[in-house]
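Some notes on the structure that comes next.
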Amino acid sequence: MIWLRIFFLALHLFLMNLASVGPLMAIWLDIRARRRDQPAVDLLGRRIGWWSLAALGLGILVGVIQGLLVWWGDGGPAYFDALFAVWQSKVIYGFWEIGFSFVCLAGYLFWWSSSERNALWQRFVSRFLAFLAATNLLYHFPTLFSIVGMIARGEVDVDSPVDSGEFRTLLVQGEVIWFTLHFWFASFAVSGLLAGIACLQRLPEEQREDTAGAAFTIALVPTVLQIPVGFLLTTSLNSGQQSRLMGGDSLCTALFVVSLGLAFWLMHLLAGLAFFERTSNKAYQTLAALGGTILLMTATMLLSRGGL
Ligand code: HEM
């Protein structure tokens, strides 16, 4: 059961990474296409936008499966008690937030596809919709799910039901802040890498190199920044989790060490794509390294938490 949860959580995170930062990549390509008059880049930007929308839908479906796996697992009652503690103040609004992001992103893509948007205000407002779709997801969900997990594991003392004021005090916990930044940076890595791969596959030769190079750089910089953020996240975990990571549980420690090694290999590959050799082969190898890192880090995270 724990391995199924690891697989589905990793998939959920990967899809939500794309859903959250994919719209920002689409805005970047939209602006670039307009400034340089490059219709192929414009088409690619829309494609990334639609992928992000599909990732949001699929990610929700995987999230529901994940919820069922948690329900059936040993920690189910504690997790759902924690979820119901924030149900009125947060979870109900969460459904609206998802709907809001969905509508904003779909609105941007339909507007972009169906009109020239010749007026400056049209381009500004349509792009702002996509910006709202992305930042809304980035702000609300990583914090919500990390706080629910912390309540379920008994890491924070709360009076159930948790009201908005009490929830706000939980937002400044070190683990919530560093986990959220970790998710944001991973979202840039996933979306930048996928955009770069799409550039290599779909852009004409004279536009391919510099657009793909910029997309791979967008993936590389936050990945390098994960080194200090990951370190701070590890130091903010409770002592039980830290000891399982540092030798207390041999499987968990081994996965942690391998995932760190893979993360450094990923940085090496991304730097190669950003600055030197941009081939599809190398890009797919990098995607495999990124997928492997997400899977191993998720496994490390769930095992260090004792499955909850
Ligand atoms: C209706 C929609 C969603 C459902 C049903 C859902 C479900 C879940 C469940 C059940 C977990 C816990 C997994 C576990 O501990 O095994 C989880 C974790 C997580 N979800 Fe979602 N999710 C949804 C939407 C989102 C969105 C929109 C985002 C981000 C943009 C997101 C980001 C996360 C993150 C970052 C975690 C990991 C938190 C942690 O383990 O500390 N989720 N989700």
Handout entry: Total charge dipole magnitude, the chain, about the Cα centre, Cβ charges on Lys, Arg, Asp, Glu only, Debye to nearest 20
Key = 720 debye
Exercise for the section: Quickly rank 50-56, 71-77 as a protection proxy: mean count of other C-beta atoms within 10 Å, highest first. Expected result: 50-56, 71-77
Exercise for the section: Return the whole-Å distance between the Cα centroid of segment 125-178 and the Cα centroid of segment 1-50. Expected result: 22 Å
Completion exercise
Under the helix-only model (-39500 (n - 2.57) for each DSSP H run of 4 or more, divided by the residues of the chain), the mean residue ellipticity at 222 nm, to 500 deg cm²/dmol, is -29500 deg cm²/dmol
Exercise for the section: Go through segment 15-26 residue by residue and turn each phi into a ³J(HN,Hα) via Karplus (6.51, -1.76, 1.60, θ = phi - 60°); whole Hz please, and just put x for glycine and proline. Expected result: 5, 6, 4, 5, 4, 7, 10, x, x, 5, 5, 5
Problem - Qualifying chymotrypsin sites (Phe, Trp or Tyr not before Pro) in segment 217-292, DSSP loop, other Cβ atoms within 10 Å at most 15 - result: 276
Exercise for the section: Express the Stokes-Einstein translational diffusion coefficient of segment 127-260 in µm² s⁻¹, to the nearest whole number, given a Kirkwood radius over alpha-carbon pairs, 37 °C and a viscosity of 0.692 mPa s. Expected result: 189 µm²/s
Completion exercise
Plugging the Cβ-Cβ distance of residue 128 and residue 225 into 1/(1 + (r/R0)^6) at R0 = 22 Å yields, to the nearest 0.05, a FRET efficiency of 0.25
Exercise for the section: Quick one: order 304, 160, 236 from most to least accessible surface, probe 1.4 Å. Expected result: 160, 236, 304
Exercise for the section: Tell me, rounded to the nearest percent, the portion of alpha carbon pairs in segment 2-304 spaced more than 32 Å apart. Expected result: 29 percent
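The values are calculated or read from the model by the stated rules, or taken from the named source; none is laboratory data. A quick note: this is a predicted structure, and the numbers were derived from the prediction, not measured. Heads up, the Cβs are rebuilt from the backbone with ideal geometry, glycines too, and the neighbour counts pull from every protein chain shown. These accessible areas exclude ligands, DNA and RNA; they are computed on the full protein's heavy atoms, side chains included. Shrake-Rupley method; radii C 1.70, N 1.55, O 1.52, S 1.80 Å.
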